[in-house]
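The values are calculated or read from the model by the stated rules, or taken from the named source; none is laboratory data. Worth saying up front: this structure is predicted, and the values here are computed from it rather than measured. When we count neighbours, we look across all protein chains shown, and the Cβ atoms used for this are built from the backbone with ideal geometry, even at glycine.
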Amino acid sequence: MIGVAVLGSTGSIGLSTLDVLARHADRYRVVALTANTGVDKLYQQCLAFRPRLAAMADTDSAEQLAQRLRDSAPEIEVLAGEPGLKAAAAHADAAYVMAAIVGAAGLAPTLAAVRQGKRILLANKEALVVAGSLFMQEVQAHGAEVLPIDSEHNAVFQCMPGNFREGLEAVGVERVLLTASGGPFRTRRLEELAGVTPEQACAHPNWDMGRKISVDSATMMNKGLEVIEARWLFDASPARIQVVVHPQSVIHSMVQYTDGSVLAQLGNPDMRTPIAHALAWPGRHSSGVAALDLFEIARLDFEAPDLQRFPCLRLAFEAVSAGGVAPAVLNAANEVAVERFLDNRIPFTAIPGVIEQVLAQVTEGDATTLDGLMAADRQARLVAEQQIDSGI
Ligand code: NAD
Ligand code: MG
């Protein structure tokens with residue numbers, strides 16, 4: 001039995017992960033679950049999966065959970081706050097850790113798992129955006145194994161040769177082609193974008209996801225974050241990463257080789273495929289996802305991304321090229337702007353402007369330490385809030 005800790009178990013990726021794990025209950029044992037504030041959901045998951053540990057980021061929520069488990073499952077240990085999340089990530093009985101907390105909040109717990117040399121199933125792309133260089137150094141130093149869950153990076157991983165860590169040039173890889181659906185507003189009239197609601201932005205045409213990543217998909221910041229994620233996962237310079245808009249979301253990404261070959265991974269848009277892949281790797285097992293019906297799909301379309309319509313994608317390319325604290329600042333400003341948009345405090349079209357202003361103002365910081373990166377993150381959040389409150 002392989003012990004698995006699921007960080008962010010009450011979210012979209014967390015639920016898909018538990019679904020796959022339950023299909024292979026003879027092979028995996030859930031040893032730790034974590035959530036932010038969703039006491040009811042985590043309580044139900046505790047009863048169903050009987051982990052050894054349940055942790056909640058919010059202290060009051062953890063107290064409520066502990067109270068409810070006292071009678072029904074007193075053997076489950078309940079912890080709170082970041083120390084609790086880290087304890088779940090580093091749990092001695094967990095060989096695999098699903099990192100599916102959303103945002104920079106996932107970085108510290110995921111690093112705790114890295115430092116125990118575990119197999120990390122990495123959904124939390126923001127961890128790599130904020131601290132890519134440091135994160136990959138820690139992976140190396142502790143002999144951890146990082147398997148990408150993000151569907152594009154999982155696809156790229158599947159299309160890469162096994163020895164890609166020798167360097168992309170050495171193994172004949174020319175480019176990584178990241179596909180993007182273009183989100184719900186790919187063809188919406190530009191004049192209408194200022195008036196779109198959070199519900200419209202979260203209604204993704206192909207994927208059912210958490211609210212933050214859904215808004216990121218609508219601005220295409222999600223693809224920008226994924227460019228930075230690919231830069232670190234595959235040691236690919238930004239010039240070797242190309243974004244290809246592919247509205248059907250059937251090809252999850254591609255690798256182009258020097259001999260002209262392009263390898264692609266295809267599948268129905270369901271995160272249980274990359275999750276099952278990373279769990280079973282280097283083997284394969286079922287995921288619950290239906291087989292692809294190519295006759296029903298019939299056609300696949302491709303187009304270049306429109307940077308005019310999606311300035312967030314340009315900002316992400318600029319941030320990864322600038323390096324230093326810029327990606328951490330980009331991420332923090334984006335988290336604040338998206339949250340404010342979801343709270344109906346700023347229009348959808350204000351998101352890129354906030355991020356661009358913050359990137360211009362927060363440029364200094366030590367990107368070589370976690371403390372330095374977290375300081376830049378805090379400063380960027382502060383400046384973003386000031387920008388918004390001053391009514392840009
Ligand atoms: P979600 O909002 O549905 O779930 C987030 C989870 O994290 C929940 O369990 C929540 O309780 C927990 N959480 C939120 N804030 C927290 C905090 N401050 N501290 C501790 N825990 C916290 O998000 P999601 O869509 O499942 O996405 C999770 C991660 O996976 C994100 O980084 C996202 O970019 C990435 N991802 C998601 C998908 C998808 O299909 N949903 C695809 C690719 C990548
Ligand atoms: Mg993705």
### Task
Select from segment 29-41 the residues that are under 16 Å from ALA89 (Cα atoms) and either without any contact (Cβ under 8 Å) to a residue 40 or more places away in the chain or not hydrophobic (A, V, I, L, M, F, W, C) (or both) and write down the one among them that is farthest from ligand 1 (Cβ to nearest atom).
ARG29
## Note on the structure
Exactly one of VAL171, VAL139, VAL129 is farther than 25 Å from ALA337 by Cα, among the β-branched types (Val, Ile, Thr) and either at pLDDT below 95 or not in a loop (DSSP other than H, G, I, E, B) (or both), and that one is VAL139
### Query
Can you name the residue in segment 176-196 that is free of Cβ contacts under 8 Å to residues at least 24 places away in the same chain and either farther than 30 Å from VAL262 by Cβ or surrounded by 14 or more Cβ atoms within 10 Å (Cβ to Cβ) (or both) and, of all such residues, is farthest from ligand 1 (Cβ to nearest atom)?
GLU191
### Query
Of the residues that make up segment 158-175, is at least one within 16 Å of ligand 1 (Cβ to nearest atom) and under 23 Å from ILE275 (Cα atoms)?
yes
### Message
Being within 16 Å of ligand 2 (Cβ to nearest atom) and either crowded, with 20+ Cβ neighbours inside 10 Å or among the polar types (S, T, N, Q) (or both) is true for just one of ALA55, ALA112, ALA123, ALA88. Which residue is that?
### Response
ALA123
### Task
Evaluate segment 241-249: report whether one residue or more is within 16 Å of ligand 1 (Cβ to nearest atom), crowded, with 24+ Cβ neighbours inside 10 Å and part of a loop (DSSP other than H, G, I, E, B).
no
### Task
Would you kindly identify the helices (runs of 4 or more DSSP H) lying entirely within segment 275-347 that contain at least 1 residues that are loosely packed, with under 15 Cβ neighbours inside 10 Å and at pLDDT 95 or above?
294-297, 311-322
### Query
Can you tell me how many residues in segment 4-19 are under 13 Å from ALA280 (Cα atoms) and surrounded by fewer than 24 Cβ atoms within 10 Å (Cβ to Cβ)?
0
### Summary
Residue pairs qualifying under the 9 Å Cβ cut-off, at least six apart or on distinct chains, with the first in segment 236-248 being more than 13 Å from ASN206 (Cα to Cα) and without any contact (Cβ under 8 Å) to a residue 40 or more places away in the chain and the second being in a strand (DSSP E or B) and not hydrophobic (A, V, I, L, M, F, W, C), are ALA239/ARG175
### Task
For LEU225, indicate whether it is surrounded by 18 or more Cβ atoms within 10 Å (Cβ to Cβ), closer than 17 Å to GLN158 by Cβ and within 16 Å of ligand 1 (Cβ to nearest atom).
no
### Query
Just checking, which of GLU191, GLU226 is away from ligand 2 (no atom under 15 Å from the Cβ), outside any loop (DSSP other than H, G, I, E, B) and not hydrophobic (A, V, I, L, M, F, W, C)?
GLU191
## Note on the structure
Within segment 348-370, the residues that are in contact (Cβ under 8 Å) with a residue 60 or more places away in the chain and either closer than 13 Å to GLY132 by Cβ or not in a helix (DSSP H, G or I) (or both) are ALA367, THR368, THR369, LEU370
### Query
Quick one: in segment 229-240, which of the residues that are assigned to a helix (DSSP H, G or I) and buried (at least 20 other Cβ atoms within 10 Å of the Cβ) is farthest from ligand 1 (Cβ to nearest atom)?
ARG231
### Message
If I ask for residues that are surrounded by fewer than 22 Cβ atoms within 10 Å (Cβ to Cβ) and either assigned to a strand (DSSP E or B) or of a type in the set (Phe, Trp, Tyr) (or both), which ones from segment 148-168 would you list?
### Response
PHE164
### Query
Which of (1) within 14 Å of ligand 2 (Cβ to nearest atom); (2) part of a helix (DSSP H, G or I); (3) crowded, with 24+ Cβ neighbours inside 10 Å is the odd one out, the single condition ALA201 does not satisfy?
(1)
### Query
Only one of ALA326, ALA376, ALA367 is out of contact with any Lys or Arg (no Cβ under 7 Å at 6 or more places or on another chain), among the small types (Gly, Ala, Ser) and closer than 21 Å to MET220 by Cβ; which?
ALA326
### Summary
Checked against (1) of a type in the set (Gly, Ala, Ser); (2) more than 24 Å from ALA141 (Cα to Cα); (3) in contact (Cβ under 8 Å) with a residue 24 or more places away in the chain; (4) within 14 Å of ligand 1 (Cβ to nearest atom), SER72 satisfies every condition except (4)
## Note on the structure
Those helices (runs of 4 or more DSSP H) completely within segment 4-76 that have 2 or more residues that are within 24 Å of the chain's Cα centre (by Cα) are 12-23, 39-49
